[in-house]
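Below you'll find the structure, written out as structure tokens, and then a few comments.
The values are calculated or read from the model by the stated rules, or taken from the named source; none is laboratory data. Note that this is a predicted model, so its numbers are computed, not measured. Cβ placement follows ideal geometry from the backbone for every residue including glycine, while neighbour counts extend to all protein chains displayed. The area values use the complete protein model at the heavy-atom level, side chains included, leaving out ligands, DNA and RNA. Shrake-Rupley method; radii C 1.70, N 1.55, O 1.52, S 1.80 Å.
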Amino acid sequence: MKEIHKLAMENSSEVIELRRDIHKHPEIGRKEFRTADLIRSKLEEYGVDQIDSPVPTAVIALIHGNKGEGKCVALRADIDALPVEEETGLPYSSEVPGMMHACGHDMHVAMLLGVAKILCQKREEFAGTVKLIFQHSEDTMPGGAKELVEKGALENPQVDAIFGMHVYPDEDKVGKIGIHAGPLTTSVDIYNITVKGKGGHGSEPHTTKDPILAACEMVTLLQQIPSRYINPLETVVFPICTIQGGEAVNVIPSEAKFSGVARTYNNAVRGQIKEQVTQIAEGVGTLSGCKVEVDHVVGYPACYNDKALIETAETAIEEVLGKDAIVQLEEPKAFSEDFSYFTEMSDVPGAYLLLFAGHEGDLVSLHNPKCAMKEEAMPAGVAVMTGTALKFLQG
Ligand SMILES: [Zn+2]
Ligand SMILES: [Zn+2]
């Protein structure tokens, strides 16, 4: 397995070149036409066995091992950019105004192409199939993962396990891999609530149906969902982050609005939250005489890492890069990822890894216009994805 890292290092200049090309030409979710063309042409050049595009800007490729029938492992990279004006000052900065690969998906594409090249050269050494999923539109809702699962991306051949990886900016762990069994990222559910009452003069509140008072009661009661309705062993975060209503100090308005995002690591809890939001909104509506509309925008599910697959990845990292490259994440992350659809909508277990990628200059987070992670992390990502796929197929 050590040889895989050597191959990844040998191919690193090609991977970096691809990354810079994609970085210069960012495309927003569902418009990744150039990116998808580039992916298809490189996959053809490397000699994969099959290339499909179930939607125009996603690419799914198969590489069969020459050792015969076996399991099928999927590796996923997301390929879209963000509507962000780049401020990194890098020589290969975005050439598209107002668009940037600020989430590192350019690195994901380049790395998975690097994996494809190595696996095509190593066909003699494995049985079974590797399915490469270049997924469109991760950062633009609704995520592309859901669409791909609906179109059968995990079937024909049926996938037995799926792995994904995200680059992550940090101070000092360049090229190390963060792993965590169990919940890794939260689900996202957006609630926009509109309270419609009856406006009137501030001196005569008894003649009105005050939507502001009703909205405030709801906001307070909603905070009882985590503290009184959900098992305290579950994590639920549900702040109300916007509230609007009224324009004059002597007028009770006829409408008030507020919104918030509920996050949890357990997808089963999402339904309970929705039920309670509806019950509180309808209950306060009845008491106050106001009409209440609850708009629930269903975001990405929580991402759950299968324990056995994390162990497979851990063994692969150790064999490919050495034990020092493993970073056991102490706690899950609070961001969300549509990789979760691949496992949530199917029986396929999955594991999502983090590749620490350092940062050029002052550290900023993903999605920041100055986000500039180090390319020297990429060979480690290529090696670990390749090694993990081979390890799973052998096991
Ligand atoms: Zn992102
Ligand atoms: Zn991302």
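Structural remarks
- Given charges at Cβ of Lys, Arg, Asp, Glu: the chain dipole, positive-most of Leu132, Leu38, Gly175: Leu132
- Tilt relative to the chain, helix 378-394 - C-alpha long axis, 0 to 90 degrees, to 10: 80
- Taking the C-alpha atoms only, the angle from helix 12-24 to the longest principal axis of the chain is near 30 degrees.
- The dipole here belongs to segment 189-298: it is taken about the Cα centre, uses +1 on the Cβ of Lys and Arg and -1 on the Cβ of Asp and Glu, and is about 120 debye.
- Evaluated at q = 0.14, 0.15, 0.24, 0.25 Å⁻¹, a Debye calculation over the C-alpha positions of segment 252-315 (equal weights, vacuum) places log10 I(q)/I(0) at -0.59, -0.64, -1.08, -1.12.
- Volume in Å³ per residue [convex hull over Cα atoms, computed for segment 189-298]: 85
- Computed over the chain, relative contact order equals 25 percent, with contacts defined as Cα pairs under 8 Å that lie 6+ residues apart.
- When the chain is described by a simple charge dipole with +1 on each Lys and Arg Cβ and -1 on each Asp and Glu Cβ, the residue from Ile190, Leu112, Gln279 located farthest towards its positive end is Gln279.
- Structure-based [θ]222 nm, the chain - -39500 (n - 2.57) summed over DSSP H runs of at least 4, per residue, nearest 500: -10500 deg cm²/dmol
- Accessible area expressed per residue, the chain, with surrounding protein chains retained (probe 1.4 Å, Å²): 43
- q = 0.09, 0.14, 0.16, 0.22 Å⁻¹, segment 1-136: log10 I(q)/I(0) [Debye, one scatterer per Cα]: -0.27, -0.63, -0.80, -1.29
- Gyration tensor verdict on the chain (Cα atoms; rounded if a/c is under 1.5, prolate if a/b is larger than b/c, oblate otherwise): prolate
- Karplus 3J(HN,Hα) series, Hz, for segment 39-54 with 6.51 cos²θ - 1.76 cosθ + 1.60 (x for Gly, Pro): 4, 4, 5, 5, 5, 4, 4, 6, x, 5, 7, 7, 10, 10, 10, x
- Highest-MSF residue in the chain out of Gly199, Gly175, Gly144 [GNM, Cα springs under 10 Å]: Gly199
- Within segment 97-243: Cβ-based charge dipole about Cα centre, in debye rounded to nearest 20 (Lys, Arg +1; Asp, Glu -1): 180
- Taking the accessible area of segment 189-298, probe 1.4 Å, and keeping the other protein chains in place, the carbon and sulfur fraction comes to 53%.
- Straight-line reach from Lys291: taking Cα to Cα under 30 Å and skipping same-chain neighbours fewer than 8 places apart, the lysines in range are Lys196, Lys198, Lys209, Lys257, Lys274.
- Selection from Ser288, His201, Met218, by position along the positive dipole direction of segment 189-298 (Cβ): Met218
- Dipole magnitude (debye, nearest 20) for segment 54-140, charges at Cβ of Lys, Arg, Asp, Glu: 760
- Build a GNM of the chain with springs between Cα atoms under 10 Å apart, and of Thr35, Thr208, Thr312 the one that fluctuates most is Thr208.
- Highest-fluctuation residue, Pro183, Pro83, Pro253 considered, GNM on the chain with Cα pairs under 10 Å: Pro253
- Paramagnetic label zone (point 7 Å from Cα along Cα-to-C-beta, Asn156; backbone N under 19 Å) in segment 66-96: 72-75
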